[in-house]
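Encoded as structure tokens, the structure appears first; notes follow it.
The values are calculated or read from the model by the stated rules, or taken from the named source; none is laboratory data. Predicted model, so just to flag it, every value in this text is computed and none were measured. Neighbour counts run over all protein chains shown; Cβ positions are idealised from the backbone, glycine included.
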4 protein chains.
Amino acid sequence: MINVMVLGATGVVGQQFLVALANHPWFNVVKLVASRRSAGKRYVEAIRDESTGSIRWYCDEALPEQFENMVVEVFEENDLRDVDLVFSAVESDVAREIEPKIAREKPVISTASAFRYEEDVPLMIPGVNDDHASLIEEQKRKRKWNGFIAPIPNCTTTGLAITLKPVMDRFGIKLVLMTSMQALSGAGRSPGVIGLDILDNIIPYIPGEEEKVQREVLKILGRCDGKTVQRADFKVSCTCTRVNVKDGHTESVFLSLREKASVEEFKKTLRDFNGCSNMDLPSAPKRMIIVHDDPYRPQPRLDRNLEDGMATIVGRVREDPALENGIKYLLLSHNTKMGAAKGAVLLAELLYKRGFI
Amino acid sequence: MINVMVLGATGVVGQQFLVALANHPWFNVVKLVASRRSAGKRYVEAIRDESTGSIRWYCDEALPEQFENMVVEVFEENDLRDVDLVFSAVESDVAREIEPKIAREKPVISTASAFRYEEDVPLMIPGVNDDHASLIEEQKRKRKWNGFIAPIPNCTTTGLAITLKPVMDRFGIKLVLMTSMQALSGAGRSPGVIGLDILDNIIPYIPGEEEKVQREVLKILGRCDGKTVQRADFKVSCTCTRVNVKDGHTESVFLSLREKASVEEFKKTLRDFNGCSNMDLPSAPKRMIIVHDDPYRPQPRLDRNLEDGMATIVGRVREDPALENGIKYLLLSHNTKMGAAKGAVLLAELLYKRGFI
Amino acid sequence: MINVMVLGATGVVGQQFLVALANHPWFNVVKLVASRRSAGKRYVEAIRDESTGSIRWYCDEALPEQFENMVVEVFEENDLRDVDLVFSAVESDVAREIEPKIAREKPVISTASAFRYEEDVPLMIPGVNDDHASLIEEQKRKRKWNGFIAPIPNCTTTGLAITLKPVMDRFGIKLVLMTSMQALSGAGRSPGVIGLDILDNIIPYIPGEEEKVQREVLKILGRCDGKTVQRADFKVSCTCTRVNVKDGHTESVFLSLREKASVEEFKKTLRDFNGCSNMDLPSAPKRMIIVHDDPYRPQPRLDRNLEDGMATIVGRVREDPALENGIKYLLLSHNTKMGAAKGAVLLAELLYKRGFI
Amino acid sequence: MINVMVLGATGVVGQQFLVALANHPWFNVVKLVASRRSAGKRYVEAIRDESTGSIRWYCDEALPEQFENMVVEVFEENDLRDVDLVFSAVESDVAREIEPKIAREKPVISTASAFRYEEDVPLMIPGVNDDHASLIEEQKRKRKWNGFIAPIPNCTTTGLAITLKPVMDRFGIKLVLMTSMQALSGAGRSPGVIGLDILDNIIPYIPGEEEKVQREVLKILGRCDGKTVQRADFKVSCTCTRVNVKDGHTESVFLSLREKASVEEFKKTLRDFNGCSNMDLPSAPKRMIIVHDDPYRPQPRLDRNLEDGMATIVGRVREDPALENGIKYLLLSHNTKMGAAKGAVLLAELLYKRGFI
């Protein structure tokens, strides 16, 4: 068993990590790290609101019993001795400071954006760009680290990149135009989106989101020569909005392909994409992409939990005569499962299997 | 004063007509027509649910007192003698049957889609394509009618066409890609969207909607030679979805222009567009298009009622490097005001002023 | 194995029955019955919307594979030969006609209200009033039936009656005042509650609901002498409202008890109530009542699925000095699980175990 | 004209004060006071979010032009010279410190709870307990103040107390049991209720709310002898919950009266209650209480804005046989209009008219 530390274990993403790691066949959580305020407390007490006695637990799944009584610690570098792997669920500014300290000795799989855009840092989705893992060697060499940092992409990037991968390989892509309708849980709880603001409403702006998605898609789908990633050579433009949905980002995609695809060829290409589904990774979905023929799907509430939130769901595939070799479709991706902690655990599983951890 | 009949006066759109026509300076409602079930009843009784005594009135505004005691009638052709103008709020299948009967003698302004796509029927938005009114003469001549049918566009078309008009005139348009997030009220109440289906959800499909918008935009922005309309020569593609918003359709638009526009030029072009705002039409908005600089706008709940729902609200104008001379923006249009009954009243005002009524 | 027919199998409640009966250890579904429109079709085709190809499946759980290809039939009395038990999910007017035809030969467990208030019909909740089953003998005798009808209560009654049972037994009850905040799924889909009507809103009236709850609570908690039920001798008053929640009815309860109860005694009494939890019934919850100390619970979204929707969740237990021996609390009960089909399956399990089926 | 200062002018309640005071016939806003962070800025800049340029304005009504360019100041005691009246919209802890400093010289009408429960402080609703104003003299005398503090009640108290007043006067009250379903806007924005927490949910607890309502109703409806208020001699018990509604608190009320009232007598008593509606106060509603016969009303979205949010709306009046002389009903009160800033302005109007200001 690999001994695991969860950094930022009491926050929303940290909680999702605990759910994703409960009874994991390979990873054994040995350390829960959080801020000084929580240190020394049993986990269940660390997340208790003192004034009301409420447990601040935000996952749909119950708090796994195995963590209830684990004592939460503050981060100290010498605690890393007994740890083989760190999952980091901290905010980007904290990540920028702490993750390199850890990476000197141990691997860090992170949901933070702090290092996503550095040249020697791979931005990976298992089954999509596994060869980018070779950047890890370059990163360790250049930075003289024994460990490394491997972040996962933004939650809005993930489903888009997954659907584009088999399309790019089969038909080539010239242009991607995407409008997202993103779920509330993507905004977190500090305070995230206020109920008053989203009831009977849409928020048409998520700061920084569009730039992240545009940048990350091209890096993920780029060509890696072992030292660097050459960005994919198509154009991407996004408009990102927030809607009153709890979980599950919906994306409306317009594509111009290099080669013409019929609707049936396009659907088959998506359905045939195995991604990481047959790599024997415990958190991998059985179907990487699920394609609906029913025009009323995907719907976030009906489809987000398919394959425990690890599949990307596609629907309404249509030819688009307005674009050269045009295709349009909608996709749905669970932003707090495949798009966050459980996606990070999946990445760790891949890197472990490939010997990087 | 012009004497007006409202056809389908007890339905949702009919109710909106009554609100739009209450105390109108030019139009005087003299007849309310509905189905046989309502005939002979006072209006307030015709919309009462008998089992509970509830009044089924669906507008935000109160039922105007002047209509409370008007007796609802069934349609009979010889009733048209005292009527100068008919507003039709019936479903498309009923419209297809009844509207031509009326048009033999009197003008019909309709919210139904039944005749929108016929060659001799103008599809007008005041201030956008007023010259298309000349088709009315052709229609009367060809069909040997004394009256005519003038439908308004689909509610999702309206805001899009309004924003495209000044852009087309100034920069030229090559490509329009639009994703809509449409309000519940657009689906009506028979039964419209069920609460269970839209709570915490998005419905990714609205049958027929995309085709209507694509077709209507090109007709509205086409060139009219008095006998026919030559469709505008750009490409349009739409994906239409339903979200949990009461009123106000939000649309995410990506444009490729013929000539490059900076963000400031683009905004100025929209802001400078007078449309019908200075034509002394009672229902016209003071500002045809309102452009926000605040990236968090437009929001349906905050902006839909600006100018009593008759303005089109634009925000998040950005250059789009992914497209040739690319621009992207969001727009908001009130689907039951400018996009439905009050928009129809505005069209009647224009046609009256121009002597067609 | 008991061979089971589901009557009304294609409707919302019928679908919930299929989920509750999938892989059931005792009950084997051998017949799916629905209206003539569905007859002769495979189940998955019978629930398909022909115009769009959509599958109209409304449960959170997937359609169990075992039913996908079962052929749906219309009801014919001679079909009952191979059936040991019928679950009825039809509307009350249909129930009134068909259920007696079945009961001549076979037991019917029904979610309809048609027979709930007849003197020789027990209204049972397993673990609450199991002795009322003796009415079944009386019913068979009086009506000369080989089978019988056993309905379950209204979904708003169930949680209330469950919490009142141990309280009545331990402290006695003088008065119950309850305000409900009911979920959308309780209204069904024909059309149920329209999205436009419930967004940013509360509907303060559910026709007939309050009378049902008031009547049913007193029957369920009444004393049965084998031939008739003497209504419980306390007063009950309800106000029932509809809120924008998908599943789970929340009820605010004020009680006046015969003997004073402290908060701790009251909680202990609820927690100690086993109900049917230790009777080895496959659908029974492990905990009949779950009592939260956290004042922010129960919350419908967080708590409704505890024990697969079969537990009643209680919170905010407080003494109420405004009432003699006053106690107030909130409860949550899953209206489509314990309150509907799965509750009916639980009742069948009890009656089977006791030899009535 | 009375010169008015608004304390806490940039917050949510402060903004509501500005709307309520715009173009007021008696009150002239001369000073806007807020925290040091806003000081020296024009109002429209003080509420601008610097990072995005967004204007943080939270009322449905537009920011009145007259305030856009007023310079926001910090509170300094010597600024009170030019001020005749202060509206305080600050939080309770700030109120406790600053309001007495002001009251030494000038009257303060406050939405804060800080002084509501002090013996010499009246808790008034115009038209309900106007004679309590005599406490103001006592307060000034005892505290040696030239001004005074007059708070308004909690927003959940207001509608309840208004409906109870005529009932108490006509029939006498023994017992009040109330369950509230409160709107999001009552929780404010710091951060108030998070969207994630209220979507598809109910929050069954609002800290301190029930105690406030229970205490305030009895004080408001108590008998004032000029020096003190003797609490009303009936019992009140509340359970307060939060639902996903923007504005408008709904309350389900069960009453036991001293004398029996028929439904028609009860409705007539409410309808006949003039309250402050005929006192020539500019902010008073024309109808103090509106009673619906339609059982589907009141609904928050349909009824909250009647009389510009200053009326209390009642529906579903029924006899309640479970209680001695029992009556039950639902009420709706706009929590940010009559229940907050505009209610405070109304109180100031009354006190001005009576010569206290």
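Scanning region A:47-60 for residues that are surrounded by 14 or more Cβ atoms within 10 Å (Cβ to Cβ) and of a type in the set (Gly, Ala, Ser) gives a single hit, A:Ser54. For D:Glu349, the criteria (1) over 21 Å from the mean Cα position of the chain (by Cα); (2) surrounded by 20 or more Cβ atoms within 10 Å (Cβ to Cβ); (3) acidic (Asp, Glu) hold in every case but one, which is (1).
Going by what's in this entry, would D:Glu119 be described as more than 25 Å from D:Ala284 (Cα to Cα) and crowded, with 19+ Cβ neighbours inside 10 Å? For D:Glu119, the condition - more than 25 Å from D:Ala284 (Cα to Cα) and crowded, with 19+ Cβ neighbours inside 10 Å - is not met. Taking every residue in region D:115-134 that is closer than 18 Å to D:Ile102 by Cα and pairing it with any residue that is of a type in the set (Phe, Trp, Tyr), at least 6 positions away or on another chain, the pairs with Cβ-Cβ distances below 8 Å are D:Val121/D:Phe115.
The single condition from (1) within 23 Å of the chain's Cα centre (by Cα); (2) within 28 Å of C:Gly309 (Cβ to Cβ); (3) at pLDDT 95 or above that C:Ala46 fails is (1). For region C:101-136, the set of residues classified as in contact with a Gly (Cβ under 6 Å, 6 or more places away or on another chain) and either assigned to a helix (DSSP H, G or I) or over 20 Å from C:Leu7 (Cα atoms) (or both) consists of C:Ala103, C:Gly127, C:Ser134, listed by residue number. For region C:29-65, a residue qualifies if it is among the hydrophobic types (A, V, I, L, M, F, W, C) and within 14 Å of chain A (Cβ to nearest Cβ), and the qualifying residues are C:Val44, C:Ile47, C:Ile55, C:Trp57, C:Cys59, C:Ala62, C:Leu63.
Here is a yes/no grid of residues against (1) modelled with pLDDT of 95 or more; (2) in a strand (DSSP E or B); (3) surrounded by fewer than 17 Cβ atoms within 10 Å (Cβ to Cβ):
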position	(1), (2), (3)
C:Val29	yes, yes, no
C:Ala39	no, no, yes
C:Ala62	no, no, yes
C:Val72	yes, yes, no
C:Asn78	no, no, yes
C:Val90	yes, no, no
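Filter region B:297-312 down to the residues that are assigned to a loop (DSSP other than H, G, I, E, B) and touching a Lys or Arg at 6+ places or on another chain (Cβ under 9 Å), then identify the one that is farthest from the other protein chains (Cβ to nearest Cβ). Looking at the filtered set, the residue picked out is B:Met310. Screening the candidates A:Leu323, A:Leu330 for the property of being over 13 Å from the mean Cα position of the chain (by Cα), among the aliphatic types (A, V, I, L, M), at the interface with chain B (Cβ under 9 Å from one of its Cβ atoms) and not in a loop (DSSP other than H, G, I, E, B) yields one hit, A:Leu330. Which residues, counting only those in region C:166-202, are more than 7 Å from chain B (Cβ to nearest Cβ), among the polar types (S, T, N, Q) and under 21 Å from the mean Cα position of the chain (by Cα)? The answer is C:Thr179, C:Ser180, C:Gln182, C:Ser190. All conditions in (1) surrounded by fewer than 23 Cβ atoms within 10 Å (Cβ to Cβ); (2) in contact (Cβ under 8 Å) with a residue 60 or more places away in the chain; (3) within 28 Å of A:Leu330 (Cβ to Cβ); (4) not aromatic (Phe, Trp, Tyr) hold for B:Thr156, with the sole exception of (1).
Scan region D:220-264 for residues that are outside any strand (DSSP E or B), away from every other protein chain (no Cβ under 14 Å) and either without any contact (Cβ under 8 Å) to a residue 60 or more places away in the chain or within 30 Å of D:Gln16 (Cβ to Cβ) (or both) and the total you get is 6. Residues of region D:58-103 being in contact with a helix residue (DSSP H, G or I) (Cβ under 7 Å, 6 or more places away or on another chain) and of a type in the set (Val, Ile, Thr), which ones? Correct list: D:Val72, D:Val86, D:Val90, D:Ile102. The single condition among (1) within 21 Å of the chain's Cα centre (by Cα); (2) in contact (Cβ under 8 Å) with a residue 24 or more places away in the chain that B:Pro207 does not meet is (2).
Restricting attention to region C:137-160, the residues that are part of a loop (DSSP other than H, G, I, E, B) and not aliphatic (A, V, I, L, M) add up to 6.
Residues that are among the acidic types (Asp, Glu), more than 14 Å from chain D (Cβ to nearest Cβ) and touching a helix residue (DSSP H, G or I) at 6+ places or on another chain (Cβ under 8 Å) are absent from region A:133-153. Just one of (1) touching a Phe, Trp or Tyr at 6+ places or on another chain (Cβ under 6 Å); (2) more than 30 Å from C:Leu330 (Cα to Cα) fails for D:Ile289. It is (2).
Examine region A:236-246 for a residue that is touching a strand residue (DSSP E or B) at 6+ places or on another chain (Cβ under 9 Å) and closer than 30 Å to A:Glu138 by Cα, and state whether such a residue exists. Yes; the residues of region A:236-246 include at least one that is touching a strand residue (DSSP E or B) at 6+ places or on another chain (Cβ under 9 Å) and closer than 30 Å to A:Glu138 by Cα. Scanning region A:94-137 for residues that are hydroxyl-bearing (Ser, Thr, Tyr) and closer than 20 Å to A:Asn154 by Cβ gives A:Ser110, A:Thr111, A:Ser113, A:Tyr117.
When A:Ser237, A:Ser283 are screened for being among the hydroxyl-bearing types (Ser, Thr, Tyr), buried (at least 21 other Cβ atoms within 10 Å of the Cβ) and under 29 Å from A:Asp197 (Cβ atoms), only A:Ser237 passes.
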